[in-house]
1. Calculate, in nm to one decimal, what R111 and V66 gain on full extension: separation in residues at 0.36 nm each, minus their alpha carbon distance.
2. Among residues other than A83 whose Cβ falls under 11 Å from its Cβ, what is the net charge (Lys/Arg +1, Asp/Glu -1)?
3. Could you calculate the contour length gain from V79 to M54, that is, 0.36 nm times the residue separation minus the distance between their Cα atoms, to one decimal place in nm?
4. Taking the Cα of E100, stepping 7 Å toward and past its beta carbon, and measuring to each backbone N in segment 41-58: which are under 17 Å?
5. Once you've got the Cα coordinates, tell me which of K43/K108; K43/K73; K40/K91; K73/K108 are over 22 Å apart.
Amino acid sequence: MAQRGLSPGSEERVKCSIAGSEVTDRFGSIKTTMSDTNKKARKTRIGSVVSNKMDKSVVVQVEQLVQHSFYGKFIRRRVRYMAADPDDSCKIGDRVLIEECRPLSKNKRWRVRSIIEEAVQL
């Protein structure tokens, strides 16, 4: 049943009273808005730094062991993330904790939160 002035399939119109309180859509269902206490937890990954040639940026490689569904052999899956390192404190070989953040550039969506273990310098 379409209401006056709204065509079927049009986007929901959201009516908001006060920020951080309740929001109702045109169907009358109540949605709560995001506040500081119930923000979604950010994803974190632990990996090793493979490149630090850029200014205030590093490339972190995260390894994961995955078992093949049919053969049962364990396979190493590797993913490389570009992460922001504002202090330029990471060196190649460091184990770091990175967390998800807003897009900082074309490829950077992660930020170095802490250095877990420093690489051994020869």
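All of the numbers you see were taken from the coordinates with simple rules; none came from a lab. None of the values given here were measured: they were computed from a predicted structure. So basically every Cβ, Gly included, is an ideal-geometry build from the backbone, and we count neighbours across all protein chains shown.
1. Working: separation 45, 0.36 × 45 = 16.20 nm, distance 2.53 nm.
Full extension from R111 to V66 adds 13.7 nm.
2. Values: positive: R45, K56, R80, K108, R109, R111, R113; negative: D85, E99, E100.
The answer is +4.
3. Values: separation 25, 0.36 × 25 = 9.00 nm, distance 1.87 nm.
Here the answer is 7.1 nm.
4. Residues passing the 17 Å test: 41-47.
5. Values: K43/K108 14 Å; K43/K73 28 Å; K40/K91 31 Å; K73/K108 33 Å.
Beyond 22 Å between Cα atoms: K43/K73; K40/K91; K73/K108.
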